[in-house]
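Undergrad: Attaching a single structure in structure tokens format; questions to follow.
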Amino acid sequence: MGLLSDADILQYVAKGEIGIEPFDAGNLTPNGYDVSVDEVVVPATEGKPDPNHIPARTRFAVSTRETIRLGRHVAGQIWLRTTWARRGVIASFGIIDAGFTGTLTFGAFNASSEPLELPIGERFAQVVFVTLESPASETYERRSGTYQHQKGVTLGRP
């Protein structure tokens, strides 16, 4: 398993093994791609909350503007950008399976004693792409596909 550099990512995008829509070259990092906020949901609020204002010590969810598509040879690791960790955000991320297509939903917690402003369009997490030693015999869509083709914040599916 190897970590893809920025040049590798561009090559994989060109050959269709990685898809990122919309793609913004400014979000490419030396070894990953920063995904940005498209929607914010604060499940504990009643009425219509301000989605860009996360109260202190509150759980929230973020969906990405970008739709990610991975082929059979690539998986993605998701990491919180340290900018948000420094502001008191705690999040637990995982792996984007080979064969996944859709936007990403992240669950997070504002552990700070201060409210958090989370503007739409702001970079929130980084996807680090890794190659599989051999192609997946069954992709995400065929194995479980629970969140395949999701759009927007998806808190759970039956």
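Undergrad: What does the charge add up to near Leu70, with Lys and Arg as +1, Asp and Glu as -1, over the other residues with Cβ less than 10 Å from its Cβ? Mind showing how you got there, number by number?
TA: Numbers: positive: Arg69, Arg72; negative: Glu17, Asp97.
Around Leu70, the charge tally is 0.
Undergrad: Rank-order 89-99, 4-14 by packing density, defined as the average count of other C-beta atoms within 10 Å over each peptide's residues, highest first.
TA: Result, highest mean Cβ count within 10 Å first: 89-99, 4-14.
Undergrad: Relative to the present Cα-Cα distance, how much length would full extension add between Ser5 and Ala56 at 0.36 nm per residue of separation? Don't jump to the answer; show the numbers that get you there.
TA: Details: separation 51, 0.36 × 51 = 18.36 nm, distance 3.63 nm.
Contour length minus the Cα-Cα distance gives 14.7 nm.
Undergrad: Round to the nearest 0.05 the FRET efficiency obtained for Asn31 and Ser112 when R0 = 30 Å and r is the Cβ-Cβ distance. Please list the in-between numbers first.
TA: On the way: r = 28 Å, r/R0 = 0.94.
Computed FRET efficiency for Asn31 and Ser112 comes out at 0.60.
Where a number appears in this text, it was derived from the coordinates with a stated rule and is not lab data. Note that the structure is predicted; figures quoted are calculated from it, not measured. FYI the Cβ positions are ideal-geometry reconstructions off the backbone, even for glycines, and counts take in every protein chain you see.
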